[in-house]
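Values quoted throughout were computed directly from the atomic coordinates according to the rules given, and no laboratory measurement underlies them. Quantities reported herein were computed from a predicted structural model and do not represent experimental measurements. We place every Cβ from the backbone using ideal geometry, glycine too, and count neighbours over all the protein chains shown.
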Amino acid sequence: QVQLVESGGGLVQAGGSLRLSCAALGVDFTIDDMYWYRQAPGKQREFVAWITKSGFTNYADSVKGRFTISRDNAKNTVYLQMNNLKPEDTGVYSCRVVGRAINYWGQGTQVTVSS
């Protein structure tokens, strides 16, 4: 059974940095795409970043130049380095991985940015 375990969230002041991790456990197939999403209080979940198996990346306009997504295929893990954080980055960050045309979601990790 595939399980996604996220870590790295927390409370940080504006301008600070955090690094999120999402490890896919119980995987016996090649993971294709890996994603990060976030959901702010009272808002819908939104796309943050995407990385393909070959390393192609794409970002939401709101995080370009501040966030960097990366992955370690040997560890089935995706990372999100978040720099110059802003209060509007506050939310629950969740990862999604796609393999064998199936989507898997993590439970999420809270990121709170104080002004």
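Residues that are in a strand (DSSP E or B) and exposed (fewer than 15 other Cβ atoms within 10 Å of the Cβ) within region 86-104 comprise Ile102, Asn103, listed in sequence order.
Answer yes or no: is there a residue in region 9-30 that is within 18 Å of Val98 (Cβ to Cβ) and free of Cβ contacts under 8 Å to residues at least 24 places away in the same chain. Yes; the residues of region 9-30 include at least one that is within 18 Å of Val98 (Cβ to Cβ) and free of Cβ contacts under 8 Å to residues at least 24 places away in the same chain. Quick check, is Thr112 in a strand (DSSP E or B) and among the hydroxyl-bearing types (Ser, Thr, Tyr)? For Thr112, the condition - in a strand (DSSP E or B) and among the hydroxyl-bearing types (Ser, Thr, Tyr) - is met.
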